[in-house]
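Here the structure comes first, spelled out in structure tokens, and everything after it is commentary.
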Amino acid sequence: MLSYNVAGLLRATPGTVRRYPVHAADLEIAADLRLAAPIDGEVRLSRTGRSILARAELRTALEERCSRCLAPVTAPVTVLVDEEALPSIDLLTGQPLDTSAEPEALRLDEHHELDLTESVRAAVVLAEPIRPLCRPDCRGLCEVCGADLNREPGHGHDEHDIDPRLAVLSEWRPGGDTA
Ligand SMILES: [Zn+2]
Ligand SMILES: [Zn+2]
């Protein structure tokens, strides 16, 4: 999944393009970040004189929580991945290539397999919304008691309702009036 054997494409003339539909059931993103929908889209691989260019246009969704009221939210995300992958062995001779000139480059493995899993995972992490909302006008939670203000629009507190421990805090002032 998200891995492509490009031995055939490496033998094709530069400029050759192959397209692969993506219907990935699931991909583990991170311990605290899970997909809420399969990854769908297309991967386009093209042969250049020296490499394989990969462009992935993918859609999925993330399991999030509303940043105001903490309700579960499904956040759709789209990701665009552009990578250039260089061979690690010579296609004709089967001999390892010297990779020291570009140690950071993404490499095909010894079977000419191009694995985009890590690139896609990183792109999904970057696409995570910073402040997901369950709806644009989410009212959030009551600062005093934590009640969901979406469910109780008229919610409020009289002064004497306030938890005595919080009342102490509200009277406390930095610097202390110790008169
Ligand atoms: Zn919300
Ligand atoms: Zn409250």
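A few points about this structure:
- Cβ-Cβ FRET estimate between Cys142 and Ala105, R0 fixed at 41 Å, reported to 0.05: 0.15
- Between Glu104, Glu113, Glu64, the residue with the greatest mean-square fluctuation in the GNM of the chain (Cα pairs under 10 Å linked by springs) is Glu104.
- Helix 117-127 vs. the chain, principal-axis angle (Cα, 0 to 90°, nearest 10): 30
- A 1.4 Å probe run over the chain, with the rest of the protein chains in place, finds 65 Å² accessible per residue.
- The solvent-accessible area of His112, taken with every protein chain present and a 1.4 Å probe, is close to 20 Å².
- Paramagnetic label zone (point 7 Å from Cα along Cα-to-C-beta, Ala36; backbone N under 16 Å) in the stretch 42-82: 59-79
- For Glu28, solvent-accessible area (1.4 Å; no DNA, RNA or ligand), Å²: 150
- In the assembled protein chains, Tyr4 presents an accessible area of approximately 20 Å² (probe radius 1.4 Å).
- Sorted largest first by accessible area at a 1.4 angstrom probe radius, with every protein chain in place, the residues Leu27, Leu141 fall in the order Leu141, Leu27.
- Alpha carbon convex hull of the stretch 1-83, projected area averaged over orientations, nm²: 6.2
- Were the residues from Thr117 through Tyr20 laid out at 0.36 nm apart, the gain over their Cα-Cα distance would be 33.5 nm.
- Check: the chain dipole with +1 on Lys, Arg Cβ and -1 on Asp, Glu Cβ, in debye: 760
- The HN-Hα couplings worked out from phi for the stretch 89-97 by the Karplus form 6.51 cos²θ - 1.76 cosθ + 1.60 (θ = phi - 60°) are 9, 6, 5, 7, 9, x, 8, x, 8 Hz, whole numbers, x standing for Gly and Pro.
- Taking 10 °C and 1.306 mPa s as conditions, the stretch 74-168 diffuses translationally at an estimated 84 µm²/s according to Stokes-Einstein applied to its Kirkwood radius (Cα pairs).
- Ordering Ser119, Ser3 by accessible surface, largest first, gives Ser3, Ser119; the 1.4 Å probe counts only protein heavy atoms, with every chain in place.
The values are calculated or read from the model by the stated rules, or taken from the named source; none is laboratory data. It should be emphasised that the depicted structure is a prediction, and the values quoted were computed from it without experimental measurement. Using ideal geometry, Cβ is built from the backbone for each residue, glycine included, and neighbour counts are taken over all protein chains shown. To get the accessible areas, we keep the full protein, side chains included, count just its heavy atoms, and leave off ligands, DNA and RNA. Shrake-Rupley method; radii C 1.70, N 1.55, O 1.52, S 1.80 Å.
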